[in-house]
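Here the structure comes first, spelled out in structure tokens, and everything after it is commentary.
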Amino acid sequence: MKYSKEQTQALLLKIENSLREYLSKNKIQNPIIIGVHTGGTWIADWLQCKLGYEGKAASLNISFYRDDFSRAGVNPRVEPTEMPVSIDDKHIILVDDVLFTGRTTRAAINEIFDFGRPLTVTLVVLIERNGKELPISADIVGEKMQLENNKNVKLLGPDPLIIEIIDKDH
């Protein structure tokens with residue numbers, strides 16, 4: 001099942017508006033937006049542009065930080081992490097497409113802290129689905145989804161961004 005471009009866009013606008021409100025309420029200016037490769041990076045770049053920040057969002061490739069690295073091995077298309085010079089004492093907006101088990105988020109936070117000590121880390125996800133294995137929740141969520149164990153959420157993109165529900169074997 002595919003969401004339409006308009007349905008996906010509505011969720012993007014929801015997280016954009018929620019993030020604007022969150023930043024205003026918490027008096028956060030000029031945060032560093034970091035996307036988790038690949039889908040999170042697409043969304044982070046989109047948010048970076050919509051919020052009026054210059055340049056591209058930072059990008060994390062958490063392949064080497066995953067706790068299943070020894071079992072899964074290295075993805076043959078590993079993209080490098082692109083991080084600003086210093087994140088010390090900065091507000092970080094960590095963006096991912098799907099929060100599922102929490103393991104990707106844990107790996108991303110570990111990598112962020114290898115670059116310095118941020119003031120805060122705010123997690124923004126387009127989809128939060130059932131199946132958590134770690135006590136990690138997003139601060140800003142586009143949609144919460146209950147899916148059967150044999151289903152996965154995939155973000156197609158980058159232009160246009162489209163959410164797709166697929167069978168795990170797919």
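The values are calculated or read from the model by the stated rules, or taken from the named source; none is laboratory data. Just so it is clear, the model here is predicted, and its values are computed rather than measured. Glycine also receives a Cβ, built like all others from the backbone with ideal geometry; neighbour counts cover every protein chain displayed.
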message: Could you list, ordered by first residue, the pairs with Cβ atoms under 8 Å in which the first is in segment 1-24 and at positive phi and in contact (Cβ under 8 Å) with a residue 60 or more places away in the chain and the second is in a helix (DSSP H, G or I) and not acidic (D, E), at least 6 apart or interchain?
response: none
Scope segment 30-47; condition hydrophobic (A, V, I, L, M, F, W, C) and either outside any strand (DSSP E or B) or out of contact with any helix residue (DSSP H, G or I) (no Cβ under 7 Å at 6 or more places or on another chain) (or both); matching residues: I32, W42, I43, A44, W46, L47
- line: All-but-one check, F64 against (1) in a helix (DSSP H, G or I); (2) more than 16 Å from N110 (Cα to Cα); (3) at pLDDT below 95, failing number (2)
Segment 139-168, residues that are more than 13 Å from G40 (Cα to Cα), part of a loop (DSSP other than H, G, I, E, B) and in contact (Cβ under 8 Å) with a residue 12 or more places away in the chain: D139, Q146, L147, N149, N150, P160, K168
task: Could you identify the single residue in L11, L94 that is modelled with pLDDT of 95 or more and not in a helix (DSSP H, G or I)?
output: L94
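Do you know which residues across segment 140-166 are charged (D, E, K, R) and touching a helix residue (DSSP H, G or I) at 6+ places or on another chain (Cβ under 7 Å)? Working first, answer last.
Taking segment 140-166 as the starting set, the residues that turn out to be charged (D, E, K, R) are 143-144, 148, 151, 154, 159, 164.
Matches in segment 140-166: E143 only.
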task: Please go through segment 112-138 and pick out each residue that is of a type in the set (A, V, I, L, M) and outside any strand (DSSP E or B).
output: I112, L119, L134, I136, A138
Residue identified as part of a loop (DSSP other than H, G, I, E, B), over 26 Å from L134 (Cβ atoms) and at pLDDT 95 or above among K56, K27: K27
- request: Return a yes/no flag: does segment 99-121 have any residue that is among the charged types (D, E, K, R), within 17 Å of the chain's Cα centre (by Cα), buried (at least 19 other Cβ atoms within 10 Å of the Cβ) and at pLDDT 95 or above.
  value: no
- prompt: K144 passes all but one of (1) basic (K, R); (2) exposed (fewer than 15 other Cβ atoms within 10 Å of the Cβ); (3) over 29 Å from S4 (Cα atoms); which number fails?
  reply: (3)
